[in-house]
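These notes concern the structure reproduced below.
The values are calculated or read from the model by the stated rules, or taken from the named source; none is laboratory data. On a predicted model such as this, the values are computed, not experimentally measured, just so you know. FYI the Cβ positions are ideal-geometry reconstructions off the backbone, even for glycines, and counts take in every protein chain you see.
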């Protein structure tokens, strides 16, 4: 671990970002060039004291999970992220299977989407970043760990929780779409990857998945029109748009409602109330 290089690298990149670059309000008159340390800590979901100690050359060696969070917060490119890992004393993660990394271009778009649900997903259906409207609609994805981080995995192992946001008549279509999406990821990443691990676990635990897997359907499918069920505001009719990275490993999913529609009013209500009121219902 090169403490001097790490501290200088973090400080320089923090100074090179403005609040608007990462979706934060500028606030009152600022004395610090670029972002403040507490703002980076907020974006990385870590304590300000922990991040401050890294910049002051007195922190412990950060874990790869911490480094991934810092790379997202500072909007680092893939090459910058790899350099960050190396000066912190770790090997650079595999760019194909390292799903903790989020493409900066998608993050910049997400930062500007504040009034409608948007989420960045990995090729395995893992919610890498959500905006606040998406948390209010879907719940906070950060509570999931291990294989359960994958929406595909939860769809077949925890159907009572994962499927209730979709109408019952749409479950069969969604099941086929989930399996086809995992088949595409499996073909891209290989049997020894996390995709292969999910497949083997689901074949063991879900007869429904095992049957659909044998049909060999392949494709990442996002319906352009969705009906979603929220426990408090009820049914919402939403249009779905997707933006893929060039390597197809990540996708930005954006949900909008027709202007002045009932669903548009419900989305606005979710935006006002936020996630706090619905945490118990989840």
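Mind telling me which of the residues 139, 146 ends up being free of Cβ contacts under 8 Å to residues at least 60 places away in the same chain, in the same structural domain as residue 181 (by TED's automatic domain parsing) and over 24 Å from residue 246 (Cβ atoms)?
146 is the lone residue from the list that is free of Cβ contacts under 8 Å to residues at least 60 places away in the same chain, in the same structural domain as residue 181 (by TED's automatic domain parsing) and over 24 Å from residue 246 (Cβ atoms).
Considering only residues that are farther than 24 Å from residue 86 by Cβ and modelled with pLDDT of 85 or more, look in the stretch 3-21 and name the one that is surrounded by the most Cβ atoms within 10 Å (Cβ to Cβ).
Filtering the stretch 3-21 down to residues farther than 24 Å from residue 86 by Cβ leaves 18-21.
Retained after the next criterion (residues that are modelled with pLDDT of 85 or more): 18-19.
Working: 18: 13, 19: 16.
That would be 19.
Would it be correct to say that residue 27 is at positive phi, surrounded by 15 or more Cβ atoms within 10 Å (Cβ to Cβ) and outside the structural domain of residue 125 (by TED's automatic domain parsing)?
no
Does residue 47 meet the test of being surrounded by 13 or more Cβ atoms within 10 Å (Cβ to Cβ) and in contact with a helix residue (DSSP H, G or I) (Cβ under 8 Å, 6 or more places away or on another chain)?
Judged against the criteria, residue 47 is not a match.
Is it true that residue 229 is in contact with a strand residue (DSSP E or B) (Cβ under 7 Å, 6 or more places away or on another chain) and surrounded by 12 or more Cβ atoms within 10 Å (Cβ to Cβ)?
Details: in contact with a strand residue (DSSP E or B) (Cβ under 7 Å, 6 or more places away or on another chain): yes; surrounded by 12 or more Cβ atoms within 10 Å (Cβ to Cβ): yes.
Yes, satisfied.
Any idea how many residues of the stretch 31-81 are free of Cβ contacts under 8 Å to residues at least 12 places away in the same chain and closer than 18 Å to residue 105 by Cα?
Count: 1.
Could you pull out the residue among 178, 174, 130 that is closer than 26 Å to residue 63 by Cβ and either in contact with a helix residue (DSSP H, G or I) (Cβ under 8 Å, 6 or more places away or on another chain) or surrounded by fewer than 20 Cβ atoms within 10 Å (Cβ to Cβ) (or both)?
Details: 178 fails: closer than 26 Å to residue 63 by Cβ; 174 fails: closer than 26 Å to residue 63 by Cβ.
Among 178, 174, 130, only 130 is closer than 26 Å to residue 63 by Cβ and either in contact with a helix residue (DSSP H, G or I) (Cβ under 8 Å, 6 or more places away or on another chain) or surrounded by fewer than 20 Cβ atoms within 10 Å (Cβ to Cβ) (or both).
From the residues in the stretch 143-171 that are touching a strand residue (DSSP E or B) at 6+ places or on another chain (Cβ under 8 Å) and in a helix (DSSP H, G or I), which one is surrounded by the fewest Cβ atoms within 10 Å (Cβ to Cβ)?
Checking each candidate, the answer is 170.
Which of the numbered conditions does residue 188 fail, given that it passes all the others? Conditions: (1) surrounded by fewer than 17 Cβ atoms within 10 Å (Cβ to Cβ); (2) without any contact (Cβ under 8 Å) to a residue 60 or more places away in the chain; (3) farther than 23 Å from residue 255 by Cβ.
Condition (2) is where residue 188 drops out.
Pick from the stretch 235-279 the residues that are part of a loop (DSSP other than H, G, I, E, B) and within 12 Å of residue 137 (Cα to Cα): which of them is modelled with the lowest pLDDT?
The qualifying residue modelled with the lowest pLDDT is 279.
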